[in-house]
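Notes for the one structure printed next.
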Amino acid sequence: MRPARRVRTWISWWAITALVGGCSKAPDAAGQGAKPAPSFSAAVSAQGRSPIDLSLATGRDVYGHFCSVCHGDTGGGDGFNAYNVSEAFGVTPRSFADRAQMASFKDAEALMAIRDGGPAVGKSAAMPAWGRTLTPLEVADVLQYVRSLAASQDTNTDSASGQVAPATPGR
Amino acid sequence: MRFSRKCPADNAAAVVRRPSVAGPGRRPSMRAATVLLLALSPASAWRADAESPASRGAATTLPPLLENDTLGVRDRCTSCHAYLLDPEHRLDPQPRTSHPGRLLDTHPPIRFGCTPCHGGVGEATTTREAHAPSGCGVRLAGDAAEISCGKCHLNELTIEGAPHLSHGRALIRNAQCDGCHEIGGSPPRDRLGPSLTGIGDRVDPVWLFRWLKNPRDYASNARMPRFELEDKYIDALVGYLMTFRLGTAFDETGFPAGDPTLGGNLLRTSFCISCHAINDKGGTGVIDLGRVGSKLHRPYLLHLLAATHEVDPGTAMPQYRFTSSQIADVVAYLRKELTDPSFESADPASGSDKLGTYWPAESKRVDVGRRLFKELRCGNCHVFPGGEGWIRIGPVLSKLAEKKAADISWGTTTFPRTLAEFVWHKVGSPGVYASAPHQLKMPIYDFTPEEAKDVTIALLAQSEARTPPDEFLVRSHGDESLSLPADFGRLVQRYRCTSCHAVNGIGRNISCDLGAEGSRARREWIYKYLKQPYTIRPMLTARMPIFNLTDEEAGILADGITKYWNDPQIDALGDFPVRPSDPETGRKIFEGSGCLGCHQIGAKGGYVGPSFTSGSPVVERFRSGWLVRWLENAHALKPDVLEPRFGFTRDQAQALAAYLMALPQNERVSSR
């Protein structure tokens, strides 16, 4: 009486293998050629995620939540609110895309701008201070991520690969 | 969002100001208390840090042995992982890496240790022994560490810092796993599937056949699982379901023909897409309306919109105050534009459902359908005529974590023999262990591997062998419903406020929590807003629908919100008097802090936060006590708010509030 089912055990196994092969890796580690085993422990593992990957992941989350409205999803200084800011303050949100310009922007200055706002580094008050909203770790991570944007825009290769000089907090 | 800003700096400052809170009374020893203060201080050191960067460091060190008798912790982990609290080491290789995220701000290692969350053997003196996998067979590192969050966060749906566990719990709830399995010992909630009473009068049988074959073919966000039945059995189920009829059919008299163009306009201006997506654009919480015109019969749609809660008592949808002709317009639009062109609907009048002839006689078909309906336990998710109680045929999952890998039947698989692997494969592909197809009872939810991972994390967090003492446990409101006085309660029900708003955590989070709305907004503003809602935050796509409330209804709701949904602590602040210098001081603060970047004044300013001059002026909307409290620390009132924490003092906040409340007069001056 019980109806037959189409998918048999071995087909399910194949499906799982195929699906997991496509999705279980952390996005940051993608393209490194590592072959993940189709297992839960591989799916949850922190192994293979370097500290810089973790830092960039946190940075991306923070950036997406707080920064992208003005600085843009890809850091081009073109968030949906950018025009309004430039109308109100006469300055545009900084673009993180230009590698040369970003290289001249020292870590200490950048960290101070994020923590204490634009006026602390002689820039516009349109950039508020985030030092009471973000932890020191998050500030450092978001800078890490912002620097990775410049690298990816410039070389046009895969983003957030971590091939960036590490930003150090508190220096 | 995950960015709760419940200000670690606050906790640390509180501890530093009032040492007795963290003192010997709650700590095993004075030594621990001293180290606790050291360990908790980085957040407070952060402010000092702005002046002297060298002042950090000492505050971030941890002792090589963490001890806490209450939790039974004796962890030597910090003898190698020594820099967990020091952001300087965040890019160092293990074991010197600092701990990612902000979890340690709220879970300082000196109080919680390491092993309660990460498993392993705290007292071990070799790396291998120390890093032993947990009972479920995985090391509790990376995303798997969230399994441990469930030890203390017993039934919360949203746990800050544990996105995978939260997502897994939401998926479990959404799939109504507790229909067939006991999970968490709680009694089953209401059935989440729609009531099947009268379904024969509502839906098109051709649609129903396709739906049962694969619900996600109809709507990508469909909640119902697939059962992988052969066509003839699906047909039998359709035959049986079509016998669920109301005594009297819905009748169309009193409704005009309807104009689809007007209906389309009304659909848009009523913000139906705040909840319903239309072909994947719009809200995701409820079923996509993209092809609803092929699913539901016209008479039913007319009556659903006219008397929503009589026709479908369990629905989350509010009762709109449309006129008969407006309803006819909307239905005309749905039936004309939102259809599935790929199939021809059945003709309800002829009684034929145009399906294949799988069964020699209709009575046989219905009979088979009835038996299948029972066997598949459809009634565990749906109310149906003559419905029985819950018959849970699945294994108990409340203490899944205690299950031994040796007790598991692995079928013909060769997976690593750990509990975690077993659960993950089962969730992702329920048939994987069945030796014959008919042995499989569980339907298929089509979870992606990522979703299966999150569900697995949530299931492995189900344990009854809880070691943490009560003081560590965190319980949520669960499924409590609001209890409100008669008239107010009736209207909150009628307009289904909690389908979008939570009230002190009860309800859904599509819009803001209204738990302290009465302390935030003035009664007159609430009344006006309810009568004529407008866009408060331009950034958001969901909008409050226009309910066309009567004056009386808006009055009852405004009174109720003011009286019952408030925060006595904020109310106790009262209204602040405006000092003569305040507006000018406030203006300087406003300009110096870049507020205009997100908020609009006059024609200038950003679109991130609410505008201060379009819609209602600040002075009309807010109570000044709330405004001052918000400006002092917005994150204490709304943890995920985008507004940065400026750290304004009471005086500064008061001045700023006075400036904002004086805005209509100052508009031209301030927007220069």
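The values are calculated or read from the model by the stated rules, or taken from the named source; none is laboratory data. Fair warning: this is a prediction, and the values are worked out from it, not measured in the lab. Cβ coordinates were reconstructed from backbone atoms using ideal geometry, including for glycine residues, and neighbour counts include every protein chain displayed.
Miscellaneous remarks
- The residues in the stretch A:93-127 that are surrounded by fewer than 16 Cβ atoms within 10 Å (Cβ to Cβ) and either within 11 Å of chain B (Cβ to nearest Cβ) or β-branched (Val, Ile, Thr) (or both) can be counted, and the count is 2.
- Positions within the stretch A:40-60 being within 7 Å of another protein chain (Cβ to nearest Cβ), under 12 Å from the mean Cα position of the chain (by Cα) and of a type outside the set (A, V, I, L, M), in sequence order: A:Ser55, A:Thr58
- Subset of the stretch B:269-316 (residues that are among the basic types (Lys, Arg) and either in contact (Cβ under 8 Å) with a residue 12 or more places away in the chain or assigned to a helix (DSSP H, G or I) (or both)): B:Arg291, B:Lys295, B:Arg298
- Any hit, the stretch B:613-620, residues being buried (at least 21 other Cβ atoms within 10 Å of the Cβ) and of a type in the set (S, T, N, Q): no
- Subset tally (residues that are under 19 Å from B:Asp190 (Cα atoms) and part of a helix (DSSP H, G or I)) for the stretch B:378-413: 3
- Residue within the stretch B:153-165 that is in a strand (DSSP E or B) and outside the structural domain of B:Ala405 (by TED's automatic domain parsing) present: yes
- Residue in the stretch B:569-588 that is modelled with the lowest pLDDT, counting only those that are closer than 24 Å to A:Ala125 by Cβ and of a type in the set (Gly, Ala, Ser): B:Ser581
- Some residue of the stretch B:485-507 being within 14 Å of another protein chain (Cβ to nearest Cβ), crowded, with 18+ Cβ neighbours inside 10 Å and free of Cβ contacts under 8 Å to residues at least 40 places away in the same chain: no
- Count of the stretch B:280-317 residues which are surrounded by 19 or more Cβ atoms within 10 Å (Cβ to Cβ), among the small types (Gly, Ala, Ser) and under 28 Å from the mean Cα position of the chain (by Cα): 3
- Residue tally, condition assigned to a helix (DSSP H, G or I), without any contact (Cβ under 8 Å) to a residue 40 or more places away in the chain and over 24 Å from B:Thr456 (Cα atoms), over the stretch B:91-146: 3
- Of the helices (runs of 4 or more DSSP H) lying entirely inside the stretch A:31-142, the ones with 1 or more residues being more than 22 Å from B:His599 (Cβ to Cβ) and either of a type in the set (D, E, K, R) or free of Cβ contacts under 8 Å to residues at least 12 places away in the same chain (or both) are found at A:40-44, A:51-62, A:99-103, A:107-116.
- Residue check, B:Phe422 assigned to a helix (DSSP H, G or I), at the interface with chain A (Cβ under 10 Å from one of its Cβ atoms) and either modelled with pLDDT under 90 or buried (at least 17 other Cβ atoms within 10 Å of the Cβ) (or both): yes
- Unmet requirement for A:Ala37, which otherwise passes all of (1) away from chain B (no Cβ under 12 Å); (2) modelled with pLDDT under 90: (1)
- Each residue in the stretch B:431-459 was checked for being more than 8 Å from chain A (Cβ to nearest Cβ) and on the phi < 0 side of the Ramachandran plot, and 14 pass.
- Which numbered condition B:Gly560 fails, given (1) more than 22 Å from B:Arg522 (Cα to Cα); (2) under 36 Å from the mean Cα position of the chain (by Cα); (3) surrounded by fewer than 21 Cβ atoms within 10 Å (Cβ to Cβ); (4) of a type in the set (Gly, Ala, Ser): (1)
- Check on B:Pro416, in contact (Cβ under 8 Å) with a residue 40 or more places away in the chain and out of contact with any His (no Cβ under 9 Å at 6 or more places or on another chain): yes
- Single condition B:Asn155 does not satisfy, out of (1) at the interface with another protein chain (Cβ under 9 Å from one of its Cβ atoms); (2) surrounded by fewer than 19 Cβ atoms within 10 Å (Cβ to Cβ); (3) not small (Gly, Ala, Ser): (1)
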